[in-house]
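The values are calculated or read from the model by the stated rules, or taken from the named source; none is laboratory data. Because the structure is predicted, anything quoted here is derived from the model rather than measured. When we count neighbours, we look across all protein chains shown, and the Cβ atoms used for this are built from the backbone with ideal geometry, even at glycine. Just the protein is used for accessible areas: all its heavy atoms, side chains included, with ligands, DNA and RNA removed. Shrake-Rupley method; radii C 1.70, N 1.55, O 1.52, S 1.80 Å.
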Amino acid sequence: MGEQIRRVRLHHNLSQHDVCGRSGIDVATYSRIENGHASPRLDTLIRIALAIGVPVDALVRCGPPPADV
């Protein structure tokens, strides 16, 4: 899941710091999620999705983000 979150974030030209600032998630925690060292709780996943501006399901799909995300 972390790799998909990273793909979507990069697709939207956001840095980890951008997402953390918008979501209120600690940078170290967010980095662990993207690197696959931690699994986000549902509320954290929702905050990440809102910060990036995508639906939650865009963060849990396999493969590149669809063109509309």
A51 being modelled with pLDDT of 95 or more, open to solvent by less than 20 Å² (accessible area, probe 1.4 Å) and not β-branched (V, I, T): yes
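Do we find a residue being among the small types (G, A, S), at pLDDT 95 or above and out of contact with any helix residue (DSSP H, G or I) (no Cβ under 6 Å at 6 or more places or on another chain) anywhere in region 54-67? Spell out the reasoning first.
Looking only at region 54-67, we keep the residues that are among the small types (G, A, S), and these are 58, 63, 67.
Next, only the ones that are at pLDDT 95 or above stay: none.
Scanning region 54-67 turns up no residue that is among the small types (G, A, S), at pLDDT 95 or above and out of contact with any helix residue (DSSP H, G or I) (no Cβ under 6 Å at 6 or more places or on another chain).
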Every residue from region 22-42 that is open to solvent by less than 70 Å² (accessible area, probe 1.4 Å) and more than 15 Å from M1 (Cα to Cα): S23, G24, I25, V27, A28
Any pair with Cβ under 6 angstrom, 6 or more apart, that starts in region 35-63 at a residue that is under 15 Å from H17 (Cα atoms) and ends at one that is open to solvent by 70 Å² or more (accessible area, probe 1.4 Å): A51/R22
Filter pass, L14 being surrounded by 15 or more Cβ atoms within 10 Å (Cβ to Cβ) and at pLDDT 95 or above: yes
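Filter region 56-65 down to the residues that are open to solvent by 70 Å² or more (accessible area, probe 1.4 Å) and in a loop (DSSP other than H, G, I, E, B), then identify the one that is farthest from M1 (Cα to Cα). Show your work before the answer.
Narrowing region 56-65 to residues open to solvent by 70 Å² or more (accessible area, probe 1.4 Å): 57, 60-62, 64.
Still in the running and in a loop (DSSP other than H, G, I, E, B): 61-62, 64.
On the way: R61: 8, C62: 8, P64: 12 Å.
The extreme case among them is P64.
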